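Please read the structure below before turning to the comments.
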Amino acid sequence: MNLRRILTAVVALATVAAAPASARVIQAETVLPPGQSGFVGPGGPSSHSQDQLALFEKLIFKSEPLGGGPGGTSPSEPRPGVTIRRDDFGVPAISATNESDLWWGAGYAVAQDRLGEMELFRRRGAGTLAEVLGKDSLNADYIARRDYYTDAELMQMFQKLPAALRARTQAYVDGVNAWIAHVRQTPADMPS
């Protein structure tokens, strides 16, 4: 009889609709490992390549207001509807008028920080790393060309993704390509 009451109570609780949860999170805390800024320009590594090391080693988090806040750099607007603000450590916060612009801004900001690294990863996957790093990379190129997916296979897989995910990915790629167009016009911003 006791078990029956417990089961009845569990079933009754399971059928009661839970109130929807709501919260407005406006503050986060972050810390990034050394080298978070992958940018290495003609003048050497970014000033942010090691500036969070002490925080990281001691597991101390810094305040990071979502959507931007005081301090850091002046916001930039690489295109209408997209604002990128960097905190005092160079970490970007992207604000946008819609989801597509947000993903575009994310691609743009990541390319600002890591374009050189992105190019090396792209070449690694395409099997063309030896073109820039020399003959020591030939074996890796051979493996990539032999074992990895072809561009056609990757595109076929991409086309099977949900439309919303494809749209986000395309917006991100468009942001990366916008930064590439920028550095072609402004070579001083090109990573080494």
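The values are calculated or read from the model by the stated rules, or taken from the named source; none is laboratory data. Quantities reported herein were computed from a predicted structural model and do not represent experimental measurements. Please note: Cβ atoms are built from the backbone with ideal geometry, for glycine as well, and neighbour counts cover all protein chains shown. To get the accessible areas, we keep the full protein, side chains included, count just its heavy atoms, and leave off ligands, DNA and RNA. Shrake-Rupley method; radii C 1.70, N 1.55, O 1.52, S 1.80 Å.
Structure notes:
- Unique match (being surrounded by 12 or more Cβ atoms within 10 Å (Cβ to Cβ), assigned to a helix (DSSP H, G or I), modelled with pLDDT under 95 and among the basic types (K, R)) among R166, R114: R114
- Contact annotation: residue pairs with Cβ atoms under 7 Å, 6 or more positions apart or on different chains, pairing a residue in the stretch 122-147 that is basic (K, R) with a partner that is in a helix (DSSP H, G or I) and surrounded by 15 or more Cβ atoms within 10 Å (Cβ to Cβ), are R124/A140; R124/A144.
- Among residues of the stretch 67-85 being in contact with a strand residue (DSSP E or B) (Cβ under 6 Å, 6 or more places away or on another chain) and modelled with pLDDT under 90, the one that is most open to solvent (accessible area, probe 1.4 Å) is P75.
- Subset of the stretch 86-109 (residues that are in a helix (DSSP H, G or I) and open to solvent by less than 50 Å² (accessible area, probe 1.4 Å)): D101, W104, G105, A106, G107, Y108, A109
- Test for R124: is it in a helix (DSSP H, G or I) and within 23 Å of the chain's Cα centre (by Cα): yes
- Test result for V132, among the β-branched types (V, I, T) and at pLDDT 95 or above: no
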